[in-house]
Amino acid sequence: MTGPQRPAGDQDAAAGAEPQVVVDARGLRCPLPVIELARAAQGSPAGTVVEVWATDPAARADIPAWCRMRGQDYLGEVATDGEHAAYRVRTVG
């Protein structure tokens with residue numbers, strides 16, 4: 001994980017904003033990417049944009065489901081170099 005990079009703007013801008021926290025879950029299998037996301041979100045103030053890098057295909061369904069269950073904002077999947085997927089979440093509180 002890395003520390004804050006820059007603050008996110010409003011909902012629309014956050015989807016394109018740089019993440020403030022990056023969770024590198026490449027090589028981790030389900031449920032570890034979601035567990036790492038939960039750890040990062042728990043320690044972050046509301047409004048933090050967390051980007052999860054994952055190679056596990058289950059993360060594509062697991063991360064949005066976790067957001068729905070925990071009341072966090074799922075901002076979507078963002079383009080990468082093709083080696084991994086990247087999912088953005090904004091913490092609500």
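The values are calculated or read from the model by the stated rules, or taken from the named source; none is laboratory data. Here the structure is a predicted model, which means the values were calculated and not measured. We place every Cβ from the backbone using ideal geometry, glycine too, and count neighbours over all the protein chains shown.
Kindly evaluate PRO33 against the criterion of being more than 17 Å from VAL92 (Cβ to Cβ) and at pLDDT 95 or above.
Numbers: more than 17 Å from VAL92 (Cβ to Cβ): yes; at pLDDT 95 or above: yes.
Yes: the conditions hold for PRO33.
Of everything in region 37-64, what is closer than 19 Å to GLY93 by Cβ, without any contact (Cβ under 8 Å) to a residue 40 or more places away in the chain, part of a helix (DSSP H, G or I) and not β-branched (Val, Ile, Thr)? Give them in sequence order.
Passing the criteria: ALA38, ARG39, ALA40, GLN42, PRO64.
Name the residues in region 73-93 that are assigned to a loop (DSSP other than H, G, I, E, B) and either surrounded by fewer than 16 Cβ atoms within 10 Å (Cβ to Cβ) or more than 10 Å from the chain's Cα centre (by Cα) (or both), would you?
At the first step, the residues of region 73-93 found to be assigned to a loop (DSSP other than H, G, I, E, B) are 79-84, 91-93.
Matches in region 73-93: ALA79, THR80, ASP81, GLY82, GLU83, HIS84, VAL92, GLY93.
How many residues are among the charged types (D, E, K, R), more than 18 Å from GLU83 (Cα to Cα) and either surrounded by 15 or more Cβ atoms within 10 Å (Cβ to Cβ) or in contact with a Leu (Cβ under 7 Å, 6 or more places away or on another chain) (or both) if we restrict to region 14-60?
Qualifying residue count for the region: 1.
If you go through region 8-25 one residue at a time, how many are over 13 Å from the mean Cα position of the chain (by Cα) and either at pLDDT 95 or above or part of a loop (DSSP other than H, G, I, E, B) (or both)?
Result for region 8-25: 3.
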